[in-house]
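The values are calculated or read from the model by the stated rules, or taken from the named source; none is laboratory data. In this text, all values refer to a predicted model and were calculated from it rather than measured experimentally. No Cβ is skipped: glycine too gets one built from the backbone with ideal geometry, and neighbour counts run over all protein chains shown.
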Amino acid sequence: MQQSRLWIAWLALSALASMSGGGATAVAQEAAQEAVVTMPVETGAFRPSELIEITRLDPSIKLDIRYATANNFVGRPVYAEARAFLQRPAAEALVKAHRWLKTQGYGLVVFDGYRPWRVTKLFWELTSPDKRDYVADPAKGSLHNRGCAADVSLYDLKTGELVTMPSEYDEMSERAHPDYAGGTEDQRRLRDLLRSAMERFDFKVYRYEWWHFDYKDWRQYRVQDTPFSEIPPLPVSNESPSSSDAPSDAPPQP
Ligand SMILES: [Zn+2]
């Protein structure tokens, strides 16, 4: 939508410029170029993308894809499908964190994983400059665009319910900081439990958001803009992280 508005503005400026001479054309072109942010151009060696749907590795990881609903800071859906993907090593590490958490009585809830670049651009445009610590600059791309960042929380294994943390997901306030000292003792304990589970398996928490974790290999994957519907499905034999080293007569994984 933003693109088409820019395009209309550009057409209007062009028409105006052609009526009033060459100098105005140059000004109009400059204005249009400034307004259009493009995907970062990245050179060098990258690993090929291998985005994996997280719940296919472990269906007991819960999804709460707020961006596929109106329950997010934009106030309307920005994803057409409630799905979550990560690059394979990150997805496998997330499954390990989830399985470790199960020994503590909790499981992972995923709010977001891989995010197409155009959505990062939309978030940036809709966020006021004083809140931009909480969104990624589209000129650089987000680690979500590389398929190496996950927004997660915990659910209680006994009730199946999402736990209460010191802030809401996507809350743009100091309560979202992973070192925020307020909230209840139990909220802080759960936030710290989530963080220790993720750090145990090579994720790092973002300093402004207790729910956002970056996987260690993120530099090895490009920013991309592939919509969920165009992510290639995996061959069945590759769907379990432990299938390749399991003996051939082993029972199916639960
Ligand atoms: Zn995030």
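Okay, here's what the table says:
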read-out: The stretch 97-113, residues that are without any contact (Cβ under 8 Å) to a residue 60 or more places away in the chain, within 16 Å of the ligand (Cβ to nearest atom) and more than 24 Å from Asn71 (Cβ to Cβ); value: none
read-out: Pick from the stretch 116-132, criterion out of contact with any Asp or Glu (no Cβ under 9 Å at 6 or more places or on another chain) and not in a helix (DSSP H, G or I), ranking: farthest from Ala90 (Cα to Cα); value: Ser128
read-out: Residue that is nearest to the ligand (Cβ to nearest atom), among those in the stretch 117-134 that are surrounded by fewer than 20 Cβ atoms within 10 Å (Cβ to Cβ), within 16 Å of the chain's Cα centre (by Cα) and in contact (Cβ under 8 Å) with a residue 12 or more places away in the chain; value: Tyr134
read-out: Condition met for Ala90 (outside any loop (DSSP other than H, G, I, E, B) and at pLDDT 95 or above); value: yes
read-out: So Ser240, is it surrounded by 15 or more Cβ atoms within 10 Å (Cβ to Cβ), closer than 25 Å to Thr103 by Cα and modelled with pLDDT under 95; value: yes
read-out: Odd one out for Arg175, checked against (1) farther than 25 Å from Ala93 by Cβ; (2) of a type in the set (Lys, Arg); (3) within 14 Å of the ligand (Cβ to nearest atom); value: (3)
read-out: Residue selected from the stretch 135-159 under the condition without any contact (Cβ under 8 Å) to a residue 24 or more places away in the chain and either among the small types (Gly, Ala, Ser) or away from the ligand (no atom under 12 Å from the Cβ) (or both), by the criterion nearest to Leu193 (Cα to Cα); value: Thr159
read-out: Matching entry among Arg200, Arg191 (being charged (D, E, K, R) and surrounded by fewer than 17 Cβ atoms within 10 Å (Cβ to Cβ)); value: Arg200
read-out: Residue within the stretch 160-169 that is within 21 Å of Lys216 (Cα to Cα) and either free of Cβ contacts under 8 Å to residues at least 12 places away in the same chain or not polar (S, T, N, Q) (or both) present; value: no
read-out: Neighbours by Cβ (under 7 Å, 6+ apart or cross-chain): first from the stretch 204-216, β-branched (Val, Ile, Thr); second in a loop (DSSP other than H, G, I, E, B); value: Val205/Pro178
read-out: Residue match in the stretch 180-188 (condition: within 30 Å of Glu230 (Cα to Cα) and either within 16 Å of the ligand (Cβ to nearest atom) or without any contact (Cβ under 8 Å) to a residue 40 or more places away in the chain (or both)); value: no
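Every residue, every condition in (1) more than 22 Å from Thr226 (Cβ to Cβ); (2) assigned by TED's automatic domain parsing to the domain that holds Gln220; (3) exposed (fewer than 14 other Cβ atoms within 10 Å of the Cβ), yes or no:
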| site | (1), (2), (3) |
| --- | --- |
| Glu42 | no, no, yes |
| Leu63 | no, yes, no |
| Tyr67 | no, yes, no |
| Gly75 | yes, yes, yes |
| Val78 | no, yes, no |
